[in-house]
Amino acid sequence: MANKHIVIIGGNSGIGLQVKEICEAQGATVYAFSRSGEAGSTLDITSDFTTIDGLPEQIDGLVYCPGTINLKPFHRFSIADFQHDYEVNVLGAVKVLQACMKALKKSSSASVVLYSTVAVKTGLGFHASISSAKGAVEGLAKSLASEWAANKIRVNVVAPSLTDTPLANALLGTDDKKEASNKRHPLGRYGQASDIAAATVFLLSDGASWITGQVLNIDGGMSSLK
């Protein structure tokens, strides 16, 4: 990661913060953006924008972290729920990708990492809205991986299962909930931000230089084991 310029959207907490810390420890220069601006610069991905102030001229890695966890029975979802999840997970990513595209093309080996969820592949109840949005993220990533391959820009997706981040506080707020979550995973534990950050940094690195258009399931075996 030495001398690479890495842009992280949502780099102030959870997975994004861990990716930031690992990249910096390995010698990268990190440009972090978040709605609060706590870890770097301020960016509200739900606003209308076509450019992002403070980007480097060349981007070697781009990580888009913003997401939502909105779980309830299908009949209780409103159209506004679906629109909000799509706005944060998909359209926010689209705006960021378009704003970063020229700088990504200036790198000889750029890497983009987006995030999905195990629920897209596995099919989990109460996940209709987030699964729809994250399914769109996977489709976006595969299309861009094809379109941008000629520019040597790799685009991949990490699809976690439940991970201990601020976004998941409501699902892991008690010991009983944590134990139940552990039991649902073949490896006997729910995810940590470090698990997802490690996979992300690998995809950003030169060690993943022949990997593009892939969905990497980091989920304790949940998507493929019983």
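The values are calculated or read from the model by the stated rules, or taken from the named source; none is laboratory data. Bear in mind the structure is a predicted one, so any value in this text is a computation, not a measurement. As a convention, Cβ positions derive from the backbone with ideal geometry for all residues, glycine included, and neighbour counts pool all protein chains shown. Surface areas here come from the heavy atoms of the whole protein model, side chains and all, with no ligands, DNA or RNA. Shrake-Rupley method; radii C 1.70, N 1.55, O 1.52, S 1.80 Å.
What pairs come up if the first residue lies in the stretch 4-22 and is within 10 Å of Cys65 (Cα to Cα), the second is aromatic (Phe, Trp, Tyr) and surrounded by 22 or more Cβ atoms within 10 Å (Cβ to Cβ), and their beta carbons are under 6 Å apart, counting only those six or more places apart or on different chains?
Every condition considered, the pairs that remain are Ile9/Phe33; Ile9/Tyr64.
Matching residues to (1) closer than 26 Å to Ser108 by Cβ; (2) part of a helix (DSSP H, G or I):
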residue: Met1; (1), (2): yes, no
residue: Leu17; (1), (2): no, yes
residue: Ala32; (1), (2): yes, no
residue: Ser47; (1), (2): no, no
residue: Gly54; (1), (2): yes, no
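Quick one: how many residues across the stretch 82-93 are open to solvent by 30 Å² or more (accessible area, probe 1.4 Å) and either acidic (Asp, Glu) or touching a helix residue (DSSP H, G or I) at 6+ places or on another chain (Cβ under 7 Å) (or both)?
Looking only at that region, the number is 3.
Give the number of residues within the stretch 43-65 that are among the aliphatic types (A, V, I, L, M) and more than 23 Å from Glu87 (Cα to Cα).
Number of matching residues: 1.
Scanning the stretch 1-19 for residues that are surrounded by 24 or more Cβ atoms within 10 Å (Cβ to Cβ) and of a type outside the set (Val, Ile, Thr), which turns out farthest from the chain's Cα centre (by Cα)?
By that ranking, first place goes to Gly11.
Anything in the stretch 2-49 that is closer than 20 Å to Ile153 by Cβ, in contact with a helix residue (DSSP H, G or I) (Cβ under 9 Å, 6 or more places away or on another chain) and hydroxyl-bearing (Ser, Thr, Tyr)? List them, or say none.
Thr29
Suppose the filter is part of a helix (DSSP H, G or I), touching a Pro at 6+ places or on another chain (Cβ under 6 Å), surrounded by 15 or more Cβ atoms within 10 Å (Cβ to Cβ) and modelled with pLDDT of 95 or more; does Ile196 pass it?
yes
Any residue in the stretch 143-160 that is buried (at least 18 other Cβ atoms within 10 Å of the Cβ), touching a residue at least 60 places away in the same chain (Cβ under 8 Å) and either among the polar types (S, T, N, Q) or part of a helix (DSSP H, G or I) (or both)?
yes
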